[in-house]
Structures are given as C-alpha cells and as structure tokens.
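To start, the structure under review is shown below, and the notes come after it.
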Amino acid sequence: MSLSPYVPIIGLFAVAAAFALFSVAAARLAGPRRYNRAKLDAYECGIEPSPEPVGGGRFPIKFYLTAMLFIVFDIEIIFLYPWAVSFDLLGGFGFVEMVLFIVTVFIAYAYVWRRGGLDWD
C-alpha cells in the first residue's frame, strides 16, 4: 500500500496548520496591546451585557425551533441538487417524484408559516 496519493492532502493540512499558527503568532506580535475595560468585556452587539444567573440563563425555545426549521428545510433543499444533475436520466418518473417531494416541502413550509414558526419576536 502506497501513501503517495495522500501526500498532497497531508501537505495541504500542513500548510493550513502552518498558516493558522503563523496568523496567531503574527497577531500576537504585531497587534496593539492597549487593553481597557471595554475591550475585555463580552461583546453583545453594542448592548451592555446583563448579569447571568450562576447556572446560566435559559434561552427561549424560539431559538431552537428556528435552528431546527433551518436545518430541516436546508437538508430538504439539498436533495434537489442530485435530482437536477441527473434530471435527463430519471425521465418522467423522476419528475413526478420530485414534484411530490416539492409539494410535501411546500406543505410543511406553509404549515410552519401559518403556525407562526417563522415570526421572530
């Protein structure tokens, strides 16, 4: 078993690791060293950070629902790419199946939309 096919991949990983280490070292050496209270505080989009309870705060379930909806619809849309690539080979059967799939995705999207899952309060 020869390792020669893997040499370019190993070389790419080595170059990437060297670039990452060089970037961190260069930023440490060349970056400004004027620290103040504002730079050491947590950044929350310009809003003053609120004190958190010891056990951490609870996030509203809306964040998780939005993330899950994004993942579900994103994965469903990814299924369109292989179909588009092999559209000519699948013929009429593939077209009908994809129309059914898109209708199913649209029904799920309409259901989530009507239930207010896409409203960001």
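The values are calculated or read from the model by the stated rules, or taken from the named source; none is laboratory data. Predicted model, so just to flag it, every value in this text is computed and none were measured. Don't worry about glycine lacking a Cβ; one is built from the backbone with ideal geometry, like all the others, and counts go over all protein chains shown.
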### Message
So if I check each of I61, I77, which one is modelled with pLDDT of 75 or more, within 27 Å of the chain's Cα centre (by Cα) and surrounded by fewer than 10 Cβ atoms within 10 Å (Cβ to Cβ)?
### Response
I61
### Query
Out of all the residues in segment 80-121, which are surrounded by 11 or more Cβ atoms within 10 Å (Cβ to Cβ) and among the hydroxyl-bearing types (S, T, Y)?
T104, Y109
### Message
Looking for something in a helix (DSSP H, G or I), at pLDDT below 90, surrounded by fewer than 10 Cβ atoms within 10 Å (Cβ to Cβ) and not charged (D, E, K, R) - is there at least one such residue anywhere in segment 8-26?
### Response
no
